[in-house]
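Okay, so here's the structure we're looking at.
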Amino acid sequence: MWYVRRMILPFLIFGLIVFVLSVIFRQSIETPTRTYTKTLQVLSYPNFTNTWGPGPELAKRFFEEYGVSIKWVEASNAGMILQLLRQEHKEIPDVVLGLDILSLPIAEQGFKWHPISLKKVDWVQDIPIDEPFVPFDWAPMTFIYKRQNMLPPKHLEELKQEKYINSLALQDPNSSSTGMYFLMWVLSVMGEDEGFQFLQQLKPSIRVISPSWSASYSLFKNDQVPYVFSYFTSPLYHHLEEQDFTYQPVYFEDPHVYAVEYGAIPENCKQCSAAEDFLKFLLRPENQKIIMQKNFMLPVIKNVKKGTEFDFPQKIQLIDPKTYKGLLEHREDLLKRWQALQL
Amino acid sequence: MRRFFLALLFILFWVPSLTLFRFWQGPSISIEQILILYKIPILQALISAALTLFFGFYVAQGFIFLRQRVSTRRLAFFEYIAMVPSFLPSLFVIISVLSLFSQFPFGLIGVVILHVITMTGFASLMILRTLDTRLGFHGAIAQQLGATPAFFLKKMFPLIFRDLLLLFFILFAYFFTSISIPVIIGGSAMTSGEKLIYDQIFHQQNWSHAVDYFVWQTLLLVPIFIFTQKYPSSDFTQEEPLRLGGSRIFSVGIFLPAGLIFLGLLGRLPQGLHALFSSQEFLADARTIISGSLLLGFICGGLTILWLTLMTFISLQPTSRRWLRYLYISSATFFAFSFYTWKLSGVNSLLLSALVLSLLFSPVLFRLGIYQSVVRLQSQWEMALCLGSHQGFLFSRVIVPQVAHHIAILGGLSAVWGISDFAIARLLLRQDWTLSLWMETLVQQYRWDMALVCSWLLIVLGCVVFLFFWRVADVSRQKFM
């Protein structure tokens, strides 16, 4: 007590600071949506739910139209989204946004989903529709480079040439979905055994294999590496936000792999009808445009990207997703073979 | 009372990790596999520790040179500069080094280089302390007798060997459990033991394997931790600054790592400032992330002060002190993940993050800043008890006044580390409520320049919180004098 008496002023000041900060912090995170009667819990990844992502704008529009507020719950990636669902979090989400083609088999087998009927949606070609999963954006994948660097390749095979030594930043398929897309791409285009042979020969061209897309992209941005495997739409961020037109995607003559993001409604949803409304709401042209512009992905319905930067001048050849759906069935074996390459 | 506090600390440190064993599906990794998997992490940690110690020794020579030419105040400032890379967020160091070197090596070599850059300053100060306590007195005599520095150090090396060995093992454990640098620079290679656990939890979602790795890591690190409890091995207090020797060339090593980082960041500052001030998102989120960071920092610092005070009280009795060495978290990722399963949300998750971070930092800070003082006060404590003093009275009137200053400073340090953490907070908060989390999201969204400016802002916030605790330390010193 003697100690407390002597130090009473610092303790009081400390308490006061913590109290004031708590009040400011609580006020800033409590949005008015909490006072509304109907709230939809949406589990998604941070890039979607952040202020600069499409989430807040979509939530605002959804509330204005349906009177239902959105409460975002975040998980870092598709894997963690499924893990959170497995954990039966006390805030059971009504909608899950951010599953992708790679996590779909796990989501189909491991969880039960509320059915949703989607009629009269004018889907763009090539998007695999797999109800009850609702695609809401997509993008082909390729290598990105800066225009001043060098002439880009036209075939995957060219990447093993001497001029590409130490030039590629890839992601590890064990830890990154983009890495898995790259593996699927190579194996789909070349076949399984030939694909692994090619990867072995590609070794001198690989400068780094990062555990995450963000790490490798950051290295590319810092001119540590001339080519990075990323989304076809990645350069558009630099074009639109930074007015930097040096970033370009590589158009391969081989068909490109592509990523599709899906939303779904868990079977034990509380606001199931509002959840259905929300997923259908995402597919409206005006909302698809918001997703396109803020998430830098392509819309899944026709006529949204027309006349915008997202309408690429060249036709992009895409691989048939059925080829890598088959590959994904023995994902573990593929990963073991990848590890055995010791790239 | 002491047993109660000891039990409380044990529950806080060990029970959360043990709760994750419910996901364990039996041992699935053989010893052969572990040997293969741990080959690179052990190699990485061994090389990093050896090189850090090697360069640290020479930088310590630089300090010896400077202390003969500059004032004590200026020398203290140089010490802070040398410590800068160790106390900055790792992401900050990585970004700046990569900005400077366009062909920075990745994998094992890159991890080792960055580890050496970040920890050489810290190691040099630890070595300097060892040289002062062990050789300072002899150095003064040797100087009088005209011994050359090389001859003196060669002859006296056996006196400091044990301390250097212990420091080597401390560094080894630190590098083996390092996470941020191996995750970004290590590429797909598993360059640290912690990364193996991190990978299983975050990417593979195989929690049973994560438990396996945790067990193996604990088995490896606990003996090292118990062994290094004896650091510094000298309990005597005859500390005299060693003035023999010193090197002008090696004094450059004091400023080199901090200078590299500063240069790397400065280059991108104008673009970053422009991006930040034209960002509507920053203006919209500024109140949340700044208040969130400060709140996390203050609570983390406050809780650290509480844990350090409890540890000081417990450690005054030698039997309890022996138990205290088992308060060790062998895997920060695993420990934090056990709290993730508590499923707290909202402000409570921020408080939980502060609790977890304070628990992670406290054992290290206790070893670094309090342990020696406690050992020094042991005789006073025992003598007063023999004379019939009451423990509570003794603790508050004799012990606390002598350690309160250190505890407050260490609380400030913990607050700064807490503010700059993004790995643990990411797991527990789920939303970008602190500046470091906001910064990490910026990096993920290509906004590299803005992320760099946020790093500067992060340092400003860290300084604000640290200054508060510094002031508390000052006040406590004045009050108890």
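The values are calculated or read from the model by the stated rules, or taken from the named source; none is laboratory data. Everything numeric in this text was worked out from a predicted model, so none of it was measured. Positions of Cβ are backbone-derived with ideal geometry, glycine not excepted, and every protein chain shown enters the neighbour counts. These area figures cover heavy atoms from the full protein model, side chains too; ligands, DNA and RNA do not enter into them. Shrake-Rupley method; radii C 1.70, N 1.55, O 1.52, S 1.80 Å.
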Checklist entry - Which order do peptides A:318-325, A:306-313 fall in by mean Cβ count within 10 Å, highest first? => result A:318-325, A:306-313
Item to check | the range B:22-266: radius of gyration and largest Cα-Cα distance (Dmax), Å | outcome: 20.2, 68
Checklist entry - For chains A and B, what's the summed buried accessible area, probe 1.4 Å, to the nearest 100 square angstrom? => result 5800 Å²
Next on the checklist: Could you work out how much longer the chain between A:Glu131 and A:Lys112 gets when fully extended? Use 0.36 nm per residue separation minus the Cα distance between them, nm to one decimal.
Outcome noted: 5.6 nm
Item to check | Cα gyration tensor shape for the range B:188-342, rounded if a/c is under 1.5, else prolate or oblate | outcome: oblate
Checklist entry - Average partner chain C-beta neighbours within 10 Å, per residue of B:279-292? => result 4
Checklist outcome for this item: Note: A:16-27 gets an average of partner chain Cβ contacts (10 Å, Cβ to Cβ) equal to 5
Next on the checklist: Could you give the length gained by full extension between A:Arg26 and A:Trp123, i.e. 0.36 nm per residue of separation minus their alpha carbon distance, to one decimal place?
Outcome noted: 30.7 nm
Next on the checklist: Cβ neighbours within 10 Å, averaged per peptide: list A:115-123, A:259-267 in order, most packed at the top.
Outcome noted: A:259-267, A:115-123
Checklist entry - Given a Förster distance of 35 angstrom, what is the FRET efficiency for B:Val15 paired with B:Phe77, based on the Cβ-Cβ distance and rounded to 0.05? => result 0.25
Checklist entry - Once a ≥ b ≥ c are taken as the square roots of the eigenvalues of the Cα gyration tensor of the range A:37-187, is the result rounded (a/c under 1.5), prolate (a/b larger than b/c) or oblate (a/b not larger than b/c)? => result prolate
Next on the checklist: Nearest 500 deg cm²/dmol is fine: what mean residue ellipticity at 222 nm does the protein assembly as shown get from its DSSP H runs of n ≥ 4 alone, each adding -39,500 (n - 2.57), divided by its residue count?
Outcome noted: -20500 deg cm²/dmol
Checklist outcome for this item: Across A:241-253, the residue-averaged tally of Cβ atoms belonging to other chains within 10 Å stands at 1
Checklist entry - Taking a probe of 1.4 Å, how large is the accessible area per residue of the protein assembly as shown, in Å²? => result 42 Å²
Checklist outcome for this item: The percentage of Cα-Cα pairs in chain A separated by more than 33 Å is 35 percent
Next on the checklist: Considering only C-alpha atoms, what is the centroid distance from the range A:101-151 to the range B:311-326, in Å?
Outcome noted: 57 Å
Next on the checklist: Can you list which of the DSSP-assigned H helices in chain B have a Cα extent of 20 Å or more along the long axis and an average Kyte-Doolittle score of at least 1.6?
Outcome noted: B:149-176, B:248-266, B:347-365
Item to check | Principal axis box of the protein assembly as shown, alpha-carbon based, largest edge first, Å | outcome: 90, 63, 54
Next on the checklist: Classify the range B:336-417 from the C-alpha gyration tensor, please: rounded if a/c falls under 1.5, else prolate or oblate depending on whether a/b exceeds b/c.
Outcome noted: prolate
Next on the checklist: I'm checking a number: the convex hull volume of the Cα atoms of the range B:270-345, normalised per residue, in Å³. What is it?
Outcome noted: 169 Å³
Next on the checklist: Taking each pair of distinct Cα atoms in chain B once, what is the resulting Kirkwood hydrodynamic radius in Å?
Outcome noted: 23.7 Å
Next on the checklist: Once R0 is set to 22 Å, what does the formula 1/(1 + (r/R0)^6) return for the Cβ-Cβ distance between A:Gln342 and B:Glu32, expressed as a FRET efficiency to the nearest 0.05?
Outcome noted: 0.80
Next on the checklist: Using only the alpha-carbon atoms, how far is helix A:272-282 inclined from the longest principal axis of chain A? Give it as 0 to 90 degrees, nearest 10.
Outcome noted: 50 degrees
Checklist entry - Using 0.36 nm per residue, how much length does the chain from B:Ile109 to B:Trp24 gain when fully extended, once their Cα-Cα distance is taken away? => result 27.2 nm
Item to check | Alpha carbon convex hull of the range B:268-481, volume per residue in cubic angstrom | outcome: 135 Å³
Next on the checklist: What FRET efficiency comes out for A:Asp244 versus B:Leu263 if R0 is 22 angstrom and r is the Cβ-Cβ distance? Round to the nearest 0.05.
Outcome noted: 0.40
Item to check | Charged-residue dipole, Cβ positions (Lys, Arg, Asp, Glu), the range B:266-395 about Cα centre, Debye nearest 20 | outcome: 320 debye
Next on the checklist: Please report Rg (one decimal) and Dmax (integer) in Å for the Cα set of the range B:379-481.
Outcome noted: 20.3, 67
Checklist entry - Among A:Lys119/A:Lys306; B:Lys154/B:Lys195; A:Lys203/A:Lys289; A:Lys221/B:Lys195; A:Lys60/A:Lys315, which pairs are too far apart, with a Cα-Cα distance over 30 Å? => result B:Lys154/B:Lys195; A:Lys203/A:Lys289; A:Lys60/A:Lys315
Checklist entry - Could the peptides B:284-297, B:383-396 be put in order, highest first, of the mean number of other beta-carbon atoms found within 10 Å of their residues? => result B:284-297, B:383-396
Checklist entry - Do you know which residues of the range B:200-217 lose at least 20 square angstrom of accessible area in the protein assembly compared with their chain on its own, with a 1.4 angstrom probe? => result B:Phe202, B:His203, B:Gln204, B:Gln205, B:Trp207
Checklist entry - Roughly what would the spin-label model give for A:Glu309 and A:Leu151, points 7 Å off Cα along C-beta, in nm? => result 2.8 nm
Item to check | Furthest towards positive pole of dipole, A:Ile319, A:Val20, A:Ile101, structure part the protein assembly as shown, Cβ charges | outcome: A:Val20
